[in-house]
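Structure, as structure tokens:
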Amino acid sequence: MNQPLHTFHKLLSLLFLVVFTLFNIKSATGEVKPGTITGTITTADGQTVPGVTVGIKGDGINAGTVTNESGRFTFNKVKPGSYTIKVSFVGLASEEKTVEVAEGQRVVVNFMLRENANQLGEVLISGRKQKYKIDAPSASLRLNEPLLQVAQNVQVVTSKVLADQQVISMSDGLIRNVSGAVRLEHWGDLYTNITMRGSQIQAFRNGFNVVSSYWGPLTEDMSFVDHIEFVKGPAGFLLSNGDPSGLYNVVTKKPTGETKGEISFTTGSFNLNRATLDLDGKLSKDGKFLYRLDLSAQNKNSFRANEFNDRYVIAPVVSYQIDDKTKLTAEYVYQRAHMSDVGSYYVFSPKGYGVLPQNFTQLPAGLPPTNINDHSFTLNLTHQLSDNWKLTAQAARYNYSQLGTSMWADSVNTDGSYYRNAGIWEAKSTMSLAQVFLNGKVNTGSVVHNILAGVDLGDKKYVADYAQTASLDTGSRPFNPYQEGVPTLNNPSNGYPKFDRSLNLEARAAAGFGLINTRYSSIYLQDELGFFDNKVRLTLAGRYTYVQMADFNTPEQAKHFSPRIGLSVSIDDQTSVYGLRDQTFLPQAGKVSVGKLQPLTGTNTEFGIKRDWAGGKWNTTLSVYRILKNNELTADPNAAPNSGLSIIFGQKRSQGLEFDLRGEIAPGFNLTANYAYTDSKVSKVNPDLAASPTNTIKVGDVVPGYVKHVANAWLSYKLNSGTLKGTGVSLGGTYYGGRQTDTWSVGLEKLPNYFKMDGGLFWEGSKMRIAGNVFNVLNKYTYSGSYYSYLSAYYWQADAPRNYRLSIAYRF
């Protein structure tokens with residue numbers, strides 16, 4: 001038996017032993033009618049307060065909940081006796097009340113916070129910005145419980161972490177904060193494309209799957225992002241169709257009810273200049289009509305010649321509290337990207353990795369820029385049906401357009417010269433998405449049922465012309481990176497391409513296999529059963545999905561039922577263990593050269609232990625997993641990467657171990673640290689592939705596209721007293737070991753191990769924050785890449801050398 005699977009069995013045995021030891025208690029013979037404790041939390045000026053943590057202790061109960069949209073909380077099935085109700089609030093002293101519950105009695109206990117709504121908002125926002133750790137998921141994850149109790153590994157990157165690390169987009173160093181997350185095939189700041197647990201994970205925004213093609217979506221600018229949630233393993237019942245390796249969910253900023261604002265300016269290496277404005281306030285005196293407006297503008301060049309990345313964002317949000325039970329939120333996001341050619345980051349050579357200067361480029365100045373307009377509009381309606389039942393409905397429309405070029409190599413000569421190729425990349429994407437889901441609680445005897453039920457609908461269309469290509473160089477005058485003084489970079493010997501756009505995009509896409517259409521509808525039901533005062537939580541769920549696909553002119557349809565079972569056990573107030581077996585069903589897009597296009601199916605088996613330390617100031621998560629994926633598409637190893645050709649190789653098995661730590665480990669010390677071990681192998685070969693005369697893939701082969709060992713850390717220390725109060729220092733590092741190439745081609749040289757260090761200084765006061773960071777402190781030549789057998793050459797993408805950023809932010 002292999003070691004990771006042996007670990008699964010040992011952990012499962014431990015889990016059952018813990019459950020048996022803790023809860024093999026003789027039941028009472030008499031029946032007593034339980035009571036109920038309920039209440040409302042308000043501010044000094046009469047406003048109800050949602051999202052407040054409320055705990056209950058006494059007579060064997062030690063549980064917690066959060067107030068709903070109307071500021072109400074309820075504890076059901078309470079035995080007669082004396083109980084302490086504790087209200088915990090970030091930045092404020094906790095408040096407690098003691099109540100007596102008689103048999104069958106309904107006790108009402110209300111709390112009034114001394115602060116008014118505005119003061120409370122200031123405390124909440126200030127407290128949240130200081131945290132590396134969040135205890136509760138966003139509403140878009142559909143979970144009505146603390147993350148500590150969830151039978152799944154969920155990691156949250158907070159706004160404080162984003163600010164400390166000066167992260168400005170989804171592709172800008174964010175993944176260092178999550179175990180096992182890597183980017184092996186970079187697309188600059190165009191697409192994020194995160195790999196985790198051996199596969200590319202799905203991209204979500206506010207609970208919607210926003211992937212319309214392999215390459216999307218456009219990276220989110222951090223100006224309108226509040227935090228990012230990484231869900232490990234399948235999440236089909238939390239959100240919608242997702243990969244069994246996981247997903248990331250970008251949670252955007254919403255109105256808070258506090259009148260405030262922040263303006264910031266960032267400058268740095270490579271002519272980076274960036275400004276952001278965040279306004280938050282009321283549109284009506286009664287506080288029912290709120291707004292949030294985020295704006296940003298950025299100009300940024302590169303350490304490589306002729307590269308640039310200019311971004312502009314407009315993101316308004318308004319919300320209206322229709323009554324004390326119903327709230328409507330409307331959100332619009334516009335992102336404009338004006339950037340250099342996609343593919344300019346690539347370097348090719350038959351001589352190995354890193355044999356050319358770090359700042360080397362193949363990009364001529366005359367290629368047209370890539371322009372992208374990305375629009376999204378979302379409506380969200382929440383209605384509190386009762387204390388225990390809440391209905392959420394949301395719909396979104398996404399509209400994306402792109403016009404630019406993408407570079408690659410036609411062929412590479414043995415002397416290192418090669419022929420550059422530029423292809424058109426004109427694309428449109430439209431997505432209409434809708435969700436309706438119901439959260440509720442009901443009791444049957446001593447069992448508490450946490451119910452989640454809903455419907456997901458989606459209609460996605462991606463239309464692209466990337467079939468037109470042209471060589472920049474001729475046979476007599478190839479592009480030669482090693483020859484000095486030859487003006488081939490900015491004067492291609494074959495001139496610049498002229499693409500034919502006389503036909504409309506749809507016609508060109510149809511002729512060039514550039515159509516990807518997907519429609520899906522699904523219905524799901526999940527019941528989390530709470531036993532022994534909710535110390536043991538058993539999750540039973542199922543999802544039925546119907547999908548219609550017409551990808552690359554190949555129509556398909558499929559139906560599938562996906563079951564889910566999970567178990568989470570609270571050892572004590574700070575510790576829980578969990579086990580999960582989950583399935584997923586995901587439409588795929590691809591032009592298949594070997595095999596038949598089918599939806600991806602996968603099974604994840606996972607066990608883990610979570611613990612809060614120091615009263616919840618920091619926490620750790622340790623998990624082991626084993627994923628089987630069927631019918632997964634992968635790039636055809638015998639075709640050019642920009643050909644769009646894929647194969648279905650059968651089944652792969654990914655397994656590994658992950659550890660995450662985040663939070664305030666000591667006064668002033670905030671730490672994010674993680675480690676992941678990943679191993680991915682072929683467990684079955686598709687018969688069509690096995691019969692192909694060009695096939696070299698066999699059972700036991702490494703499935704490319706992951707890093708075996710990934711370790712990250714980011715430590716921030718701030719002085720909280722004295723003359724230098726508010727001054728701090730940060731230091732972080734990233735290590736990759738055992739990198740597996742991202743194609744099936746095998747060269748003579750493997751990617752070397754990778755280490756990069758960053759650090760910085762900052763000062764933070766009540767209104768202002770000044771931060772300066774140095775990235776790649778050791779000035780190492782780091783890169784990612786692969787070997788392509790059809791070119792008989794290596795390719796790599798270099799990271800930036802040592803560079804700097806300085807930010808100034810002012811809150812008002």
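Each reported figure results from applying straightforward, stated rules to the coordinates on display, with no laboratory input. Predicted model only: the values in this text are computed from it and were never measured. Virtual Cβ from ideal backbone geometry, glycine too; neighbours counted across all protein chains shown.
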Rounded to whole angstrom, the alpha-carbon centroid of region 369-386 lies from that of region 766-783 at a distance of 33 Å
In region 131-252, if every C-alpha pair distance is counted and binned at 5 Å from zero, what percent goes to each bin?
2, 11, 24, 26, 22, 11, 3, 0
Specify which residue in the list Gln740, Leu724, Gln797 is farthest towards the positive end of the charge dipole of region 662-812, using unit charges on the beta carbon of Lys, Arg (+1) and Asp, Glu (-1), about the Cα centre.
Leu724
Suppose each label sits 7 Å from its Cα in the direction of the beta carbon; what would the Lys698-Tyr332 distance come out to in nanometres?
6.0 nm
Between beta-carbons, use under 11 Å as the cut-off and find the net charge around Asn399, counting Lys and Arg +1, Asp and Glu -1.
+2
Backbone N under 16 Å from the Glu506 label point (7 Å along Cα→Cβ), restricted to region 363-398
none
How high is the FRET efficiency between Asn779 and Asn494 when r is their beta carbon distance and R₀ equals 41 Å, given to the nearest 0.05?
0.65
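Could you put Arg106, Arg508 in order, starting from the residue whose Cβ has the fewest other Cβ atoms within 10 Å?
Values: Arg106 13, Arg508 22.
Ordered from fewest to most neighbouring Cβ atoms within 10 Å, Arg106, Arg508 come out as Arg106, Arg508.
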Tell me the relative contact order for the chain as a rounded percent, counting alpha carbon contacts under 8 Å between residues six or more apart.
10 percent
Taking every pair of Cα atoms in the chain, average 1/r, invert it to obtain the Kirkwood radius, and report Rg/Rh to two decimals.
0.97
May I ask which residue of Val99, Leu403, Thr444 lies farthest towards the positive end of the charge dipole of the chain, with charges of +1 (Lys, Arg) and -1 (Asp, Glu) on Cβ and the Cα centre as origin?
Val99
With the dipole of the chain defined by +1 on each Lys or Arg Cβ and -1 on each Asp or Glu Cβ, the option from Trp389, Ile665, Gly188 whose Cα lies farthest towards the positive pole is Ile665
Only four residue types carry charge here, +1 at the Cβ of Lys and Arg and -1 at the Cβ of Asp and Glu. Report the dipole size of the chain about the Cα centre in Debye, rounded to the nearest 20.
740 debye
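What's the extension gain from Met768 to Thr575 if we count 0.36 nm per residue and subtract their Cα-Cα distance?
65.7 nm is the gain from fully extending Met768 to Thr575.
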Counting only helical runs of four or more DSSP H residues, what would the 222 nm mean residue ellipticity of the chain come to if each run contributes -39,500 (n - 2.57) and the total is spread over all its residues?
-2000 deg cm²/dmol
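Using the structure shown, list the pairs from Lys254/Lys325; Lys133/Lys610; Lys629/Lys708; Lys282/Lys390; Lys652/Lys780 with a Cα-Cα distance above 23 Å, or answer none.
Lys282/Lys390; Lys652/Lys780
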Check each of the GluC sites (Glu not before Pro) in region 437-535 and keep only those in coil by DSSP with at most 12 other C-beta atoms within 10 angstrom; list them in order.
Glu484
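Only bridges with both residues in region 131-252 count here: give the DSSP antiparallel percent, nearest 5.
Just about 80 percent of them are antiparallel.
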Sort 804-811, 706-713, 761-768, 33-40 by the packing proxy (mean of other Cβ within 10 Å over each peptide's residues), most packed first.
706-713, 33-40, 804-811, 761-768
Rg [Å, one decimal], Dmax [Å, integer] - region 619-718, C-alpha atoms:
19.2, 64
